[in-house]
Amino acid sequence: MREIVNAILYQGRTGCQWAYLPHDLPQKSATYYYFAAWWDDGTDQVIHELLRCQVRERARRLEDPTLVVLDTQSVHVAAGVFAATSGHDPAKRVPGRKRGLAVDVLGLVIAVVVLAANTHDNAAAIILLDQVAEHAGKTVRKALVDQGFKNQVVVHGVGLGI
């Protein structure tokens, strides 16, 4: 199983195609089987949460954060990406997708959302706040945002206790 984990980490780090894993690692079929199974049953999220908590404790922080930082970024998409999943951000003049992140003060990822670039920052922030409330427990009391987010996000956050 350790070799399966090594192969998954290798693929994640290098971004290589599953079929091109080095020959000293397990075969693609076995590696991808476990990757897909762990993705489907949420094991990957459990591992992420455990590692995040351990890193925070080593930094002498509480296990769960009390403050998160929200931001979005519009990025170009590769050629051949479905038009239904991408859009055009008129403010930043970027055709592509918008990714939103919620991180703690150490920069550890709490929540991620990927939307079409023409989606307003408010929609992304509301989804992020919902994920923060779900994944970080009820400890998050504050969220720092920039001016791209409007009152709608503040109202939603207050409703969640943030």
Practice prompt. Mind checking which lysines have their Cα closer than 24 Å to the Cα of LYS142? Skip sequence neighbours fewer than 8 apart in that chain.
Written response: LYS98, LYS150
Worksheet item: When the accessible area of the stretch 1-54 is split by element with a 1.4 Å probe, what percent falls to carbon and sulfur?
Response: 59
Discussion item. Using only the Cα atoms of the stretch 25-162, what are the Rg and Dmax in Å?
Written reply: 17.1, 51
Practice prompt. List the residues whose amide H sits under 5 Å from the amide H of ALA116, counting only those 5 or more places along or on another chain, with H placed 1.01 Å from N in the peptide plane.
Written response: LYS98
Fill in: R0 of 25 Å, Cβ-Cβ distance GLN73-THR43: FRET efficiency to nearest 0.05
0.30
Item to complete: For the stretch 36-136, report the accessible area per residue in Å² (1.4 Å probe, heavy atoms, rounded to an integer).
Response: 59
Worksheet entry | Gain on full stretching of the segment that runs from CYS16 to VAL55 - 0.36 nm per residue minus C-alpha separation | 11.3 nm
Response to the item:
Spelling it out for ASP89: with amide H atoms placed in the peptide plane at 1.01 Å from N, the residues 5 or more places away or on another chain with amide H under 5 Å from its amide H are VAL94, GLY96
Worksheet item: Counting alpha carbon pairs within less than 8 Å and at least 6 residues apart, what relative contact order, in whole percent, applies to the chain?
Response: 18
Practice prompt. Based solely on C-alpha atoms, express the radius of gyration and the Dmax of the stretch 122-162 in angstrom.
Written response: 9.4, 26
Response to the item:
Note, PRO65: beta-carbon cut-off 15 Å, +1 each Lys/Arg, -1 each Asp/Glu, net +2
Discussion item. Please report the net charge: other residues with Cβ closer than 13 Å to the Cβ of ASP89, K and R +1, D and E -1.
Written reply: +4
Response to the item:
Sorting ILE47, ILE162 on solvent-accessible surface, 1.4 Å probe, most exposed first, gives ILE47, ILE162
Worksheet item: Using a Förster distance of 41 Å, how high is the FRET efficiency between TYR34 and HIS88, based on the Cβ-Cβ distance and rounded to 0.05?
Response: 0.60
Worksheet item: Let a ≥ b ≥ c be the square roots of the eigenvalues of the Cα gyration tensor of the stretch 1-104; is it rounded (a/c under 1.5), or, if not, prolate (a/b larger than b/c) or oblate?
Response: oblate
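The values are calculated or read from the model by the stated rules, or taken from the named source; none is laboratory data. None of these values were measured; they are calculated from a predicted model. Every residue, glycine among them, receives a Cβ derived from its backbone with ideal geometry; neighbour counts consider all protein chains shown. All accessible areas refer to the heavy atoms of the entire protein, side chains included, with ligands and DNA or RNA removed. Shrake-Rupley method; radii C 1.70, N 1.55, O 1.52, S 1.80 Å.
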